[in-house]
Amino acid sequence: MTVRDLIGGEVVATRPASRMREAIGLMADRDVGALVVEDDGALVGILTERDVVRACAHGAKLDWMPVDMWMTRDPDSLEPDIDIDEAAQWMLAAGYRHLPVVDGTDLVGVVSIKDVLWALTDRSAV
């Protein structure tokens, strides 16, 4: 099984200039732990739950501070054809909970460590 098998649904994205409160609201509304940040269709960052916690801990003015002040810039990514065992090892070793999935220069999805662990658990139960 590959990461491509785990990708489903719409990628939830925001823009670098979006306000933090707007982005956090989008995360809550869509029940996701991360937003990809795109500028003119190009992946430029990822805003994760950890980034939000860091912003709040530093007293960020969420109503006016833009996402690009707190996002993780130029995030690592996974290729869609990577095996989920390798993805799990890499994500765990690096401490990633969410990673964009990129095919060449095209963003094709986001995978979470939860998605990977569910797939590994499902596979081992068969």
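The values are calculated or read from the model by the stated rules, or taken from the named source; none is laboratory data. Since this is a predicted model, take the numbers as computed values, not measurements. Cβ atoms come from the backbone with ideal geometry, glycine included; neighbour counts cover every protein chain shown.
Whether any residue in segment 26-45 is among the hydrophobic types (A, V, I, L, M, F, W, C), farther than 18 Å from V11 by Cβ and in contact with a strand residue (DSSP E or B) (Cβ under 8 Å, 6 or more places away or on another chain) is what I want to check. Checked against the condition, which is being among the hydrophobic types (A, V, I, L, M, F, W, C), farther than 18 Å from V11 by Cβ and in contact with a strand residue (DSSP E or B) (Cβ under 8 Å, 6 or more places away or on another chain), segment 26-45 yields no hits at all. For first residues located in segment 69-88 and at positive phi and part of a helix (DSSP H, G or I), partners that are modelled with pLDDT of 95 or more and buried (at least 20 other Cβ atoms within 10 Å of the Cβ) and lie 6+ apart or on another chain with Cβ distances below 8 Å do not occur. Of the residues that make up segment 16-36, is at least one out of contact with any Lys or Arg (no Cβ under 9 Å at 6 or more places or on another chain) and under 23 Å from L120 (Cβ atoms)? Yes, the conditions are met somewhere in segment 16-36. Tallying residues that are over 12 Å from the mean Cα position of the chain (by Cα) and not charged (D, E, K, R) within segment 45-63 yields 9.
Per-residue answers, yes or no, for (1) assigned to a helix (DSSP H, G or I); (2) more than 21 Å from V36 (Cβ to Cβ); (3) aliphatic (A, V, I, L, M):
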{"position": "K61", "(1), (2), (3)": "no, yes, no"}
{"position": "A93", "(1), (2), (3)": "yes, yes, yes"}
{"position": "Y96", "(1), (2), (3)": "no, no, no"}
{"position": "V108", "(1), (2), (3)": "no, no, yes"}
{"position": "V116", "(1), (2), (3)": "yes, no, yes"}
{"position": "T121", "(1), (2), (3)": "yes, yes, no"}
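Set side by side, the residues D63, D115 differ, and just one is among the charged types (D, E, K, R), surrounded by 15 or more Cβ atoms within 10 Å (Cβ to Cβ) and touching a residue at least 24 places away in the same chain (Cβ under 8 Å), which is D115. Residues in segment 16-47 that are of a type in the set (G, A, S), surrounded by 15 or more Cβ atoms within 10 Å (Cβ to Cβ) and either assigned to a helix (DSSP H, G or I) or free of Cβ contacts under 8 Å to residues at least 12 places away in the same chain (or both): A23 alone.
If you go through segment 75-86 and keep only what is within 12 Å of the chain's Cα centre (by Cα) and of a type outside the set (S, T, Y), you end up with P75, D76, L78.
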